[in-house]
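To start, the structure itself, in structure tokens.
The values are calculated or read from the model by the stated rules, or taken from the named source; none is laboratory data. Not measured: the values here are computed from a predicted model. Quick reminder, even Gly has a Cβ in these numbers, built from the backbone with ideal geometry, and neighbours come from all protein chains shown. Surface areas here come from the heavy atoms of the whole protein model, side chains and all, with no ligands, DNA or RNA. Shrake-Rupley method; radii C 1.70, N 1.55, O 1.52, S 1.80 Å.
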Amino acid sequence: LPARPPMLPAVNFDTGSSAIPGSEEASITRAKEILQTSDWSVVVVGLADATGDAAANKVLSEQRAEAVASRLRQVVPSSRVIVYSVGERLATGGPDFTERKVEFVFFHPTGLPIRDVVARSRAIEDAR
């Protein structure tokens, strides 16, 4: 059986911000350790809540994912760190900090489109 991908807590963000809060460093540190000590690659998935404009939230979710991805790229080749932004598409409707986040989806490259890697991971429900 293939190894199960590691699962990490999400990195949460403040409303309208892509700055990584100091309280969220543990997941990033752990992701760095996993990448440095294994052959996993990672999709860094940015999400936003439904507060504000949908187009702006799409940009914000990408900025959040890039902020986290840039930290991971300090320790592994950028080819192993992929950014995927969802915006507010999966938001449930409220200004909820659990929707303002970046999720980690670890995977072994197989040629599967990134969208499918994220959907199959179940790290994000209904990411399709």
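At a threshold of 8 angstrom on Cα-Cα distance, excluding pairs fewer than six apart, so keeping six or more, what relative contact order does the chain reach in percent?
This gives 33 percent for the chain.
In whole angstrom, note down how far apart the Cα centers of the range 64-86 and the range 1-47 are.
Each part's Cα centre sits 9 Å from the other's.
What do you reckon, how do T51, T37 stack up by accessible area (1.4 Å probe), largest on top? Intermediate results must be reported in sequence, preceding the final value.
Values: T51 60, T37 115 Å².
Final ranking, largest accessible area leading: T37, T51.
Among bridges DSSP assigns within the chain, what percent are antiparallel (round to 5)?
55 percent
Could you check the simple spin-label distance between S70 and A19, using points 7 Å along Cα→Cβ, in nm with one decimal?
In this crude label model, S70 to A19 measures out at 1.4 nm.
How big is the Rg/Rh ratio for the chain, C-alpha atoms only, Rh by Kirkwood, two decimals? List each step's numbers first, then the result.
Numbers: Rg = 13.8 Å, Rh = 14.5 Å.
For the chain, the value is 0.95.
When the convex hull of the C-alpha atoms of the range 33-84 is computed, what volume per residue in Å³ does it have?
68 Å³
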